[in-house]
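**Student:** This is the structure I have questions about; it appears just below.
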Amino acid sequence: MTIYIAREATKLWRKVCAETSVELQLLFEKWHLLLAGIVFQYIHGLAARGVHYLHRPGPILQDMGFMALPELGQDKGYLSETVFTCIFLSFLLWSFHPFVYHSKRFYTVLLWRRVLAFLVASQFLRIITFYSTQLPGPNYHCREGSKLATLPPPKNVLEVLLINCKPFICWVECSKWKFY
């Protein structure tokens, strides 16, 4: 039995090495497109933060979607995050399965390039949409009375560019560095 396992392990290792070399060649050819997609994810985060600076809370608008499918509530918000995490992790694991299984149908680098291209196109449209319509958001943190409904204006450029890096911003402010 150990001979069979050892033989299959070497086959698997050869398969992983062969797939890795092919994927690395594709990555060296297509790296600039992948990098552009990843950079645009950051730009989308900056745009979302900018809209949050402009947001002014108001009354919740009537929505047929919320009437048909009522919200879970603030105490069950973890369900949405759990479902998203499961879907994202299963996609991530699935996208790397050609390294292990014998049925090669796609290249992981090309798949991720297509996914990022789709995200860039859809998030570009999303940025246009949420800058052109300033409606009150339905989320709990966007409603009237919430402390997070409006953000205070940024103190410096660094606070805007470092989206979720509050500890770093505090360190910069405490060390008397000012970036204007």
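The values are calculated or read from the model by the stated rules, or taken from the named source; none is laboratory data. These figures come from a predicted structure and were not determined experimentally. For neighbour counting, all protein chains shown are included, and Cβ atoms are generated from backbone atoms with ideal geometry for every residue, glycine included.
**Student:** If you check residue 30 against the conditions, is it of a type in the set (Lys, Arg) and touching a helix residue (DSSP H, G or I) at 6+ places or on another chain (Cβ under 6 Å)?
**Tutor:** Against the criterion (of a type in the set (Lys, Arg) and touching a helix residue (DSSP H, G or I) at 6+ places or on another chain (Cβ under 6 Å)), residue 30 qualifies.
**Student:** Whether any residue in the stretch 43-65 is within 28 Å of residue 118 (Cα to Cα), surrounded by 13 or more Cβ atoms within 10 Å (Cβ to Cβ), of a type in the set (Val, Ile, Thr) and modelled with pLDDT under 85 is what I want to check.
**Tutor:** yes
**Student:** Could you tell me which numbered condition residue 101 fails, if it satisfies all but one of (1) under 24 Å from residue 126 (Cα atoms); (2) not in a helix (DSSP H, G or I); (3) not β-branched (Val, Ile, Thr)?
**Tutor:** Of everything listed in (1) under 24 Å from residue 126 (Cα atoms); (2) not in a helix (DSSP H, G or I); (3) not β-branched (Val, Ile, Thr), residue 101 misses just condition (1).
**Student:** With 144, 159 as the choices, which residue is acidic (Asp, Glu), at pLDDT 75 or above and under 25 Å from residue 62 (Cβ atoms)?
**Tutor:** Just one listed residue meets the conditions, 144.
**Student:** If you don't mind, there's one more thing I want to ask. Residues being under 21 Å from the mean Cα position of the chain (by Cα) and either at pLDDT 75 or above or outside the structural domain of residue 52 (by TED's automatic domain parsing) (or both): count how many of those fall in the stretch 130-141.
**Tutor:** The qualifying residues number 2.
**Student:** Please tell me if residue 109 is without any contact (Cβ under 8 Å) to a residue 60 or more places away in the chain and β-branched (Val, Ile, Thr).
**Tutor:** In short, no.
**Student:** Does the stretch 115-133 include one or more residues that are among the aromatic types (Phe, Trp, Tyr), touching an Asp or Glu at 6+ places or on another chain (Cβ under 8 Å) and surrounded by 14 or more Cβ atoms within 10 Å (Cβ to Cβ)?
**Tutor:** Looking for residues that are among the aromatic types (Phe, Trp, Tyr), touching an Asp or Glu at 6+ places or on another chain (Cβ under 8 Å) and surrounded by 14 or more Cβ atoms within 10 Å (Cβ to Cβ), one finds none in the stretch 115-133, hence no.
**Student:** I need the full set of residues from the stretch 91-132 which are farther than 18 Å from residue 47 by Cα and hydroxyl-bearing (Ser, Thr, Tyr), in order please.
**Tutor:** Answer for the stretch 91-132, where residues must be farther than 18 Å from residue 47 by Cα and hydroxyl-bearing (Ser, Thr, Tyr): 95, 101, 103, 107, 108.
**Student:** Checking the structure you have, find out if any residue of the stretch 148-157 is hydroxyl-bearing (Ser, Thr, Tyr) and surrounded by fewer than 13 Cβ atoms within 10 Å (Cβ to Cβ).
**Tutor:** Looking for residues that are hydroxyl-bearing (Ser, Thr, Tyr) and surrounded by fewer than 13 Cβ atoms within 10 Å (Cβ to Cβ), one finds none in the stretch 148-157, hence no.
**Student:** OK, next. Taking residue 26 as the residue in question, decide whether it is within 26 Å of the chain's Cα centre (by Cα) and surrounded by 12 or more Cβ atoms within 10 Å (Cβ to Cβ).
**Tutor:** Spelling it out, residue 26 is indeed within 26 Å of the chain's Cα centre (by Cα) and surrounded by 12 or more Cβ atoms within 10 Å (Cβ to Cβ).
**Student:** Restricting to the stretch 47-90, name every residue that is on the phi > 0 side of the Ramachandran plot and either within 20 Å of the chain's Cα centre (by Cα) or outside any loop (DSSP other than H, G, I, E, B) (or both).
**Tutor:** Those that are on the phi > 0 side of the Ramachandran plot and either within 20 Å of the chain's Cα centre (by Cα) or outside any loop (DSSP other than H, G, I, E, B) (or both): none in the stretch 47-90.
**Student:** Please determine, by comparing only the residues of the stretch 78-109 that are of a type in the set (A, V, I, L, M, F, W, C) and in contact with an Asp or Glu (Cβ under 9 Å, 6 or more places away or on another chain), which one is surrounded by the fewest Cβ atoms within 10 Å (Cβ to Cβ).
**Tutor:** Among residues in the stretch 78-109 that are of a type in the set (A, V, I, L, M, F, W, C) and in contact with an Asp or Glu (Cβ under 9 Å, 6 or more places away or on another chain), the one surrounded by the fewest Cβ atoms within 10 Å (Cβ to Cβ) is 100.
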